[in-house]
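S.K.: For reference, the structure I am asking about is given below.
The values are calculated or read from the model by the stated rules, or taken from the named source; none is laboratory data. Everything numeric here is computed off the predicted structure, so don't read it as measured data. As a convention, Cβ positions derive from the backbone with ideal geometry for all residues, glycine included, and neighbour counts pool all protein chains shown. Keep in mind that these areas ignore ligands, DNA and RNA; they rest on the heavy atoms of the full protein, side chains included. Shrake-Rupley method; radii C 1.70, N 1.55, O 1.52, S 1.80 Å.
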Amino acid sequence: ETGVTQTPRHLVMGMTNKKSLKCEQHLGHNAMYWYKQSAKKPLELMFVYSLEERVENNSVPSRFSPECPNSSHLFLHLHTLQPEDSALYLCASSQEVGGREQFFGPGTRLTVL
Amino acid sequence: DAKTTQPPSMDCAEGRAANLPCNHSTISGNEYVYWYRQIHSQGPQYIIHGLKNNETNEMASLIITEDRKSSTLILPHATLRDTAVYYCIVGNFGNEKLTFGTGTRLTIIP
């Protein structure tokens with residue numbers, strides 16, 4: 001238990017669906033991150049938020065839309081995804097942006113049909 | 001950010017010390033060395049980090065060479081639960097981009 005929770009843990013969706021991934025951290029951290037981990041590829045940083053403000057958008061397609069309503073919650077809204085977007089989506093938090101230790105959630109395993 | 005080179009896989013007998021090497025020959029003076037691991041079906045877990053001195057915590061020890069071009073993560077008494085992919089990362093403290101490579105898949109053999 002890292003103090004970072006993600007829901008759902010597994011998600012199957014069609015290409016025309018709209019869904020959202022949720023992340024919550026109970027650590028009092030100010031920075032939150034979304035990563036994507038595809039099969040046999042390194043983790044890719046997608047988005048970084050510091051105190052609810054987006055500070056990094058790593059050339060992510062617009063079909064992925066992040067939202068950070070407060071420093072404890074982070075969402076990733078998904079729409080019109082492609083099968084190649086199937087991956088493990090990981091949320092992490094740290095005390096500050098670039099903090100030495102990032103705490104990761106268990107991830108959401110997403111399958112796009 | 002400097003890049004790292006790690007062996008793709010290693011085996012270690014249970015109860016023995018696991019020594020995981022990492023080369024980072026292009027590391028710059030203000031870049032730290034971080035180690036994370038990822039157990040199957042879980043998110044990555046921070047292990048340890050260092051700048052130039054050797055570091056030790058309850059999980060592992062980090063040995064950094066004097067020229068800082070390589071380092072070794074040591075798990076002193078490996079258990080089956082240490083089977084995971086271990087990532088060596090270099091980056092600036094305060095830089096949000098921790099760039100994960102492909103890591104070393106460590107398998108602890110009973």
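S.K.: Quick check on my filter: what residues within the range A:100-113 are outside any strand (DSSP E or B) and either crowded, with 18+ Cβ neighbours inside 10 Å or under 9 Å from the mean Cα position of the chain (by Cα) (or both)?
M.R.: Hits for the range A:100-113 are A:Gln102, A:Gly105, A:Pro106, A:Gly107.
S.K.: How many of the residues making up the range A:75-98 are closer than 18 Å to A:Glu24 by Cα and within 14 Å of chain B (Cβ to nearest Cβ)?
M.R.: Total meeting the criteria: 10.
S.K.: Tell me which of these B:Asp67 doesn't satisfy, since it passes every other one: (1) open to solvent by 50 Å² or more (accessible area, probe 1.4 Å); (2) farther than 16 Å from B:Thr104 by Cα; (3) in a strand (DSSP E or B).
M.R.: For B:Asp67, the exception is condition (3).
S.K.: Check the range A:14-36 and report whether any residue there is in a loop (DSSP other than H, G, I, E, B), out of contact with any helix residue (DSSP H, G or I) (no Cβ under 8 Å at 6 or more places or on another chain), more than 25 Å from B:Gln42 (Cβ to Cβ) and polar (S, T, N, Q).
M.R.: Among the residues of the range A:14-36, at least one is in a loop (DSSP other than H, G, I, E, B), out of contact with any helix residue (DSSP H, G or I) (no Cβ under 8 Å at 6 or more places or on another chain), more than 25 Å from B:Gln42 (Cβ to Cβ) and polar (S, T, N, Q), which makes the answer yes.
S.K.: A follow-up question, please. Among B:Glu55, B:Glu31, which is the only one that is touching a His at 6+ places or on another chain (Cβ under 9 Å), within 13 Å of chain A (Cβ to nearest Cβ) and surrounded by fewer than 18 Cβ atoms within 10 Å (Cβ to Cβ)?
M.R.: That would be B:Glu55, the only listed residue that is touching a His at 6+ places or on another chain (Cβ under 9 Å), within 13 Å of chain A (Cβ to nearest Cβ) and surrounded by fewer than 18 Cβ atoms within 10 Å (Cβ to Cβ).
S.K.: Identify the residue in the range B:1-26 that is within 15 Å of B:Leu73 (Cβ to Cβ) and in a loop (DSSP other than H, G, I, E, B) and, among all such residues, is least open to solvent (accessible area, probe 1.4 Å).
M.R.: That would be B:His24.
S.K.: I would also like to ask the following. Which condition from (1) open to solvent by 40 Å² or more (accessible area, probe 1.4 Å); (2) part of a loop (DSSP other than H, G, I, E, B) is the one that B:Ala78 breaks?
M.R.: It is condition (1) that B:Ala78 fails.
S.K.: A follow-up question, please. Given (1) away from chain B (no Cβ under 14 Å); (2) among the polar types (S, T, N, Q); (3) over 30 Å from B:Glu31 (Cα atoms), identify the lone condition not met by A:Ser72.
M.R.: For A:Ser72, the failing item is (3).
S.K.: Against the definition (in a strand (DSSP E or B) and either in contact (Cβ under 8 Å) with a residue 24 or more places away in the chain or open to solvent by 50 Å² or more (accessible area, probe 1.4 Å) (or both)), how does A:Ala39 come out, yes or no?
M.R.: It is false that A:Ala39 is in a strand (DSSP E or B) and either in contact (Cβ under 8 Å) with a residue 24 or more places away in the chain or open to solvent by 50 Å² or more (accessible area, probe 1.4 Å) (or both).
S.K.: List, please: which pairs have Cβ atoms under 9 Å, are six or more places apart or on different chains, and start with a residue in the range B:61-88 that is farther than 13 Å from B:Tyr36 by Cα and end with one that is buried (at least 19 other Cβ atoms within 10 Å of the Cβ) and among the charged types (D, E, K, R)?
M.R.: Pairs found: B:Arg68/B:Glu31.
S.K.: Based on what the data block shows, is A:His10 touching a strand residue (DSSP E or B) at 6+ places or on another chain (Cβ under 6 Å), open to solvent by 10 Å² or more (accessible area, probe 1.4 Å) and in contact (Cβ under 8 Å) with a residue 12 or more places away in the chain?
M.R.: The answer is yes for A:His10.
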